[in-house]
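Asker: Before I ask anything, let me first share the structure, which is written out below as structure tokens.
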Amino acid sequence: MSKIVWFMKTMLVVLLSSSSIACSSDHLNHQNKPLMNWTTPDIPELSVLSIPHLRKRQYGSKFVKLIAVNNNSSGYSSFMSSYQSDGLTNYARIDIPQKPAPTSGYPVLIYSHGWVGIDNAPSFNFFLEQKGSQAKYIDNLARQGYVVVTPGWRGHGTVNGIAAQGIEFMQRWDNASYISPLFYAIDMLNALDSIDSLASVEFDRDPLKVDLNKIVLAGHSQGGDSALVMLAIAGEQSKVRNNIASASIFSGCFLPRLVQGGLYGSMATSPEAFMSGDGTWTKSAIGRKGEINANFQFPYPPDWIGTVDSSAWSWQKQTWSVSSVKQAYINTYDQMYGVLKANELAVGYYTLATDTAGKVLVEHSTFIKEAYAKMDAIYYPQFLSEPLALHYSDRDYYSPPFWNQQLVVSLTTMNSKIAGFEYRGNTHSLTISEHKWFSEGYTQAGIDQLIARDIEWFSQ
């Protein structure tokens, strides 16, 4: 049996076993449950952010036009608007095609943007500078004839000198707890159920007519996590009013949250996650003389490393310098449980063990495994019946090919329209890296093909 087949079978067992946890009877006590005040980042218990719980609540607000803005492009007009998400004032960029609407109204794309980070969130400019893959995606869909709504999550963006509300949610949860995407999904859902109000907003033209039967969804990176959660909450007999006709996620970080902690924490900080058993980079766990690194995580580190020749390292030693995967696990899960305990949420703790091959194993408390599984859309395939396209690189550890492929497999029996598209030699942005060691011999950026595929995907 090849190592790849063994790995995929092993991870499938993990996925299925975790899924059974998510579908088991609720471990949490629902008697006399404290009420959640959605305007604050205080969480009385993790169950309030479970997908079953979020499916039972209501969403919606209305968009209010603020200012017209320069989109540095042509074929559509852009505006900044505001809307309420659980009592917080959020901002959204709204792009309106200049060509006439179809008889039924313009189709609508809701775009779930990628991670921005707390330091850059207040100055987030919604890709109006037209730089990068996400800007290119929005620009092309708007020129294609979609009304594109790009909600800024809580704490993201400043309009007329006033910052979006909710930065305290980022301060509390945009960390190794991996909880912030749940709140971002709530922001997206409040925007989704506000689409009706676009018809009454004066956008310096005739009343805007949109087709509520043609609302589609796209997301990138962490926005892919929020988008998949949004799909699970909005799907199949939930309280969400507006249906999502189809969706697309590119380079999505939708892995189970506890898995994200281990993979991202180790690969973001420790070279051991990528190195072979002899301490060199061979794109596998096996060294030049057969030595095996039992804690090998993925063949490719991020392309920004510049070089995988450790003798030539300079600045990256400061940010990619944790000595071992084990220590990276400790750093990540200490932070996760520290955040949970500080908010009086954690029950139990994690433990580390090492098997006979030297592989570090992480075991979480039963309570945390159950609570976190209920926040993972990947464990609720029964709610993911809308057409879904997944786009990913063969060498992007943020969106590992295995998890994209496995999601396609797990949804195939209940989703008649599910597809995965792999782009070889591409970065997390589905572009070709400037570093030859990463994109070796590849010249085709996936983003252009992705856009063409999504335009066709959404039109079916």
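Asker: Keeping to region 199-230, report how many residues are modelled with pLDDT of 95 or more, of a type in the set (A, V, I, L, M, F, W, C) and open to solvent by less than 10 Å² (accessible area, probe 1.4 Å).
Answerer: Number satisfying all stated conditions: 8.
Asker: Could I ask something else about it? List the pairs whose first member sits in region 440-452 and is assigned to a loop (DSSP other than H, G, I, E, B), whose second member is open to solvent by 60 Å² or more (accessible area, probe 1.4 Å), and whose Cβ atoms are under 9 Å apart, counting only residues at least 6 apart or on separate chains?
Answerer: Listed by first residue and then by second, the contacts come to 442/424; 444/424.
Asker: Just one of 135, 176, 164, 142 is over 30 Å from residue 339 (Cα atoms) and touching a residue at least 40 places away in the same chain (Cβ under 8 Å); which is it?
Answerer: 142
Asker: Here's a follow-up. Among the residues of region 150-192, write down those that are more than 24 Å from residue 256 (Cα to Cα) and open to solvent by 40 Å² or more (accessible area, probe 1.4 Å).
Answerer: Of everything in region 150-192, those that are more than 24 Å from residue 256 (Cα to Cα) and open to solvent by 40 Å² or more (accessible area, probe 1.4 Å) turn out to be 158, 160, 161, 162, 163, 165, 167, 168.
Asker: Take residue 294 and decide whether it is within 19 Å of residue 355 (Cα to Cα), in contact with a Lys or Arg (Cβ under 6 Å, 6 or more places away or on another chain) and surrounded by fewer than 21 Cβ atoms within 10 Å (Cβ to Cβ).
Answerer: Considered against the rule, which asks whether it is within 19 Å of residue 355 (Cα to Cα), in contact with a Lys or Arg (Cβ under 6 Å, 6 or more places away or on another chain) and surrounded by fewer than 21 Cβ atoms within 10 Å (Cβ to Cβ), residue 294 comes out as yes.
Asker: Quick test of your reading of the structure: residue 317 fulfils all but one of (1) open to solvent by 70 Å² or more (accessible area, probe 1.4 Å); (2) more than 29 Å from residue 432 (Cβ to Cβ); (3) without any contact (Cβ under 8 Å) to a residue 40 or more places away in the chain. Name the failing condition by number.
Answerer: Here residue 317 meets the rest and fails (2).
Asker: How about region 421-452: which of its residues are in contact with a strand residue (DSSP E or B) (Cβ under 9 Å, 6 or more places away or on another chain) and surrounded by fewer than 17 Cβ atoms within 10 Å (Cβ to Cβ)?
Answerer: Listed by number, the residues that qualify are 422, 424, 443, 444, 449.
The values are calculated or read from the model by the stated rules, or taken from the named source; none is laboratory data. Given the structure is predicted, the values throughout are model-derived calculations rather than measurements. Glycine also receives a Cβ, built like all others from the backbone with ideal geometry; neighbour counts cover every protein chain displayed. SASA here: full protein model, heavy atoms, side chains in, ligands and nucleic acids out. Shrake-Rupley method; radii C 1.70, N 1.55, O 1.52, S 1.80 Å.
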